[in-house]
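Data block below; observations after.
The values are calculated or read from the model by the stated rules, or taken from the named source; none is laboratory data. A quick note: this is a predicted structure, and the numbers were derived from the prediction, not measured. Every residue, glycine as well, gets a Cβ built from its backbone with ideal geometry; the counts of neighbours run over all protein chains shown. Note: areas computed on protein heavy atoms with side chains; ligands, DNA, RNA excluded. Shrake-Rupley method; radii C 1.70, N 1.55, O 1.52, S 1.80 Å.
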Amino acid sequence: MRALVSAVGRGGLTRIEEVDVPVPRAGEALVRVREFGLNRADYLYLRQGDSGFRPGLDGAGVVAAANGEGAPGVGTAVAFHLPSGGAAAEWVTVPVDRLARIPAELPLAVAAAVPLPGLVAVRLLEQAGPLAGTTVLATGMGGGVGQFIIRLAVAEGAAVMAMAQPGLPTDHIEAAGAKVVHDLDAIPDGSVEIVLESVGGQLGSTAARKLRAAGSLLWFGQSSGQPMTLDFFEILRAGGSLTLRQFVFDADGRPGHDTRELERLLEMAAAGELPVPIGHHHDWSHAAGLLDDMAVGRLRGKAVLTVP
């Protein structure tokens, strides 16, 4: 079968090669992949130089064979998240408890865009606590995860302000329901209850000052590569306090629960309650270029690739 593999050190980022067809073990199903979603983690794992990593953390396709109790029947359309990758292939084996059934009216490409971004957003907002009536300041919302965070937070009753760099497209952020902000200094200090921070550096440090007393900062990334700094005495002089929590998505922590959450998100998408913006939908030969665009922030919306 054909699969997308690492080409790091061989003149590129990825290439399509022939590999062995996987054989499902007990508790697994064999899925014919039709679409897979690209995530920033795909790029990061590839750049680490692990030649054994194969891209594709999220995928959608059709069950071809199953070897486990409770598995969807042959021919069932399913979406899934694979923490170790490998969905960028014609065939993949998936643990039965990671298979989420796709509603008949939902295109496979849309379903493939949901798993990791949707599950990260759900878990992050769970940690944020009740959102109704709160004001949320979020950074790094331009990609697929940000779209889900904004839409789900707004659906729960939060007012979301999203920081964006001047000159970058923001219409998709506004369409998700956020107010776009280009200058954090225009936001009064102490005016938001929750900060969702994923950029780091000076931006993250400034965002923290916008919290009200006893506000909450959820730190879930550092895309700038620069650490965020907090001044204890500056916060003390402002008369405030804050709760700082680091969020890391543990894909292995609760597969059964996550599958139910994923099915809920897919049902919401099928009902039109959760629009899933796909910024790029191409043949899988475009993978390397799209991953490079994602790395430097040029990728708008989610990228989904078709496996012919």
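Solvent exposure of the stretch 151-308, expressed per residue, is 50 Å² of accessible area, with all protein chains present and a 1.4 angstrom probe. Once Rg and the Kirkwood radius are both taken over the C-alpha atoms of the stretch 140-246, their ratio Rg/Rh works out to 0.95.
Near the amide H of LEU244, within less than 5 Å, lie the amide hydrogens of LEU217, all on another chain or at least 5 residues away, with H placed in the peptide plane. Measuring nothing but protein heavy atoms, the accessible surface of the chain at 1.4 Å probe radius is 52 percent carbon and sulfur. Both radii come from the Cα set of the chain: Rg as radius of gyration, Rh as Kirkwood radius; their ratio Rg/Rh reads 0.99. In the stretch 178-225, inverting the average of 1/r over every pair of distinct C-alpha atoms gives 11.0 Å as the Kirkwood radius. What share of all Cα pairs of the stretch 1-144, in percent, falls into each consecutive 10 Å distance bin? Using 10 Å bins, I get a P(r) of 11, 36, 32, 16, 5, 0 for the stretch 1-144.
Under 12 Å from a label point set 7 Å out along the Cα-to-Cβ vector of ALA213, no amide N atom of the stretch 110-143 is found.
Database remark: amide H of VAL92 closer than 5 angstrom to the amide H of VAL31, VAL33 (H placed geometrically; neighbours at sequence offset of 5 or more, or on other chains; Pro and chain starts carry no H).
Scanning residues 5 or more positions from VAL160 or on other chains, those with amide H under 5 Å from its amide H are VAL136, LYS179, with H placed 1.01 Å from N in the peptide plane. With all protein chains kept in place, the per residue accessible area of the stretch 10-98 amounts to 43 square angstrom at a probe of 1.4 angstrom. Scattering from the stretch 103-172 was approximated by placing one identical point on each alpha carbon and applying the Debye formula without solvent; log10 I(q)/I(0) at 0.20 1/Å stands at -0.87.
Highest mean first, how do 214-226, 258-270 rank when packing is the count of other Cβ atoms within 10 Å averaged over residues?
Numbers: 214-226: 17.3, 258-270: 20.0.
Ranked from most to least packed, the peptides come out as 258-270, 214-226.
Exposure check, 1.4 Å probe, all protein chains in place: ILE149 carries approximately 0 Å² of accessible surface. Just name one of LEU274, LEU290, THR135: the one whose Cα is farthest towards the positive end of the charge dipole of the chain (beta-carbon charges, Lys/Arg +1, Asp/Glu -1). Checked the options; the winner is LEU290.
From its DSSP helices (H runs of at least four residues, each -39,500 (n - 2.57)), the chain gives a residue-normalised ellipticity at 222 nm of -7500 deg cm²/dmol. A protection proxy built from the mean count of other Cβ atoms within 10 Å ranks the segments 109-119, 292-302, 123-133, most packed first, as 109-119, 292-302, 123-133. Here the scattering of the stretch 59-143 is modelled by Debye summation over its C-alpha atoms, one equal scatterer each and no solvent; at q = 0.23, 0.25 Å⁻¹ the log10 of I(q)/I(0) is -1.14, -1.28.
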